[in-house]
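Bear in mind that the values in this text are calculations on the coordinates, not laboratory data. Model, not experiment: these values are computed from the prediction. So basically every Cβ, Gly included, is an ideal-geometry build from the backbone, and we count neighbours across all protein chains shown.
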């Protein structure tokens, strides 16, 4: 298995496509089986020309990709995150002993969520027992993406799914999805990879917990009504979420309190029983409203009584530390020591980065932060990707749509 990545900022589409195709193919040194292309919004008027140009350079290669608010690729062996202006990123993979199944789906294609796994596996064209890995890219305005992820988790519970929501051009309000020779304006494009390949995910949500862990003792829809401290199973000392938050704020320094007012989130624990929870054990969701009359807080997700939650906050330092801790843990626990004996050893060959438009230089005040940090911990792997309108990646055993997150898909060859 081999991976290669290239990026071009040439303003001519023909020249940019030719540059990335030649550079990446030279690096690869093999006939590519898979191409992932990401094109910036500056080329919005020329999206229809991309696939034919790329097909001419890469005949008989499976192609998927999309528009992005920015693109990520390798420039002279160094990762480069181009967040504005004209840019194209191309990632190529030589994948012997790997079955490649591209797909384009719309909401109208999807089975209902009560359908058996066979309906989903027939739709995607890959059997669950082949243990596929998935890359999925969706139009942010199309319905069905969350349902597709639920169906994929149901049918392929042990498979990793990574990806993102395509960038949208501000005037037309349209994104571009590429699958083979076709340009699509809605739905989801992606690829299932099965055989001698493993994709592993690092999902960096960039938040740190504040205050104590609580259980939702009363909630309705997406609204938390009462919270009980851990150990108070009956909820006899339950408080309103607003009271809990006010108590947390009282214990903060003034500077931290001001920051939390503009960068406050809720973390929903993905385990109902795990005694020691780390940052990666929470699904981070946005707070969407507070009702001062009853102290309720609304969350951008469904809330059920019994859920364990903890308030979180995000800033540049927290985001950097969160990603660094996850990269360090992956390198030490997975690659160096393989502490999880139930998982096969792997050798990383390349990587994909799906990063929120709210990260990048606007967050860190310096370019290439996430990709440079990745390279520092996991070595000079070819990396490609784009800046997303939402990111797809797992927390625990469930795949979610995220915001303000960087999702890395690490493309590995199994070691027998």
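What separates the Cα centres of region 221-260 and region 1-52 is a distance of 49 Å. In region 48-100, the ratio of gyration radius to Kirkwood radius, Rg to Rh, stands at 1.00 when only Cα atoms are counted.
Counting only Cα atoms, region 56-188 measures 45, 40, 26 Å along its principal axes, largest extent leading. Region 303-341 and region 99-145 have their alpha-carbon centroids 28 Å apart. For the chain, the mean residue ellipticity at 222 nm estimated from helices alone is -6500 deg cm²/dmol, where every DSSP H run of n ≥ 4 contributes -39500 (n - 2.57) and the total is divided by all residues, rounded to the nearest 500. Compactness ratio for region 167-275: Cα radius of gyration over 2.2 N^0.38 Å (N = residue count) comes to 1.64.
Annotation: peptides 355-364, 268-277, ranked by per-residue average of other Cβ atoms within 10 Å with the highest first, follow the order 355-364, 268-277. Computed with the Debye formula from one identical point scatterer per Cα of the chain, without solvent, the log10 of I(q)/I(0) at q = 0.08, 0.09, 0.13 Å⁻¹ comes to -0.44, -0.55, -1.12.
Ordering 135-141, 167-173, 259-265, 317-323 by mean Cβ neighbour count within 10 Å, with the highest value first, yields 135-141, 317-323, 259-265, 167-173. Working ranking of peptides 247-253, 326-332, 71-77 by packing, defined as the average number of other Cβ atoms within 10 Å per residue, highest first, is 71-77, 326-332, 247-253. Across all directions, the average flat footprint of the convex hull enclosing the Cα atoms of region 164-220 is 9.2 nm².
For helix 47-57, what angle does its Cα long axis make with the longest principal axis of the chain, in degrees from 0 to 90 and rounded to 10? Orientation of helix 47-57: about 50 degrees from the principal axis.
Shape analysis of region 264-416 yields a ratio of the Cα radius of gyration to the Kirkwood radius, Rg/Rh, of 0.99.
You can think of it this way: the chain between residue 15 and residue 181 has 57.8 nm of extra reach, that is 0.36 nm per residue less the Cα-Cα gap.
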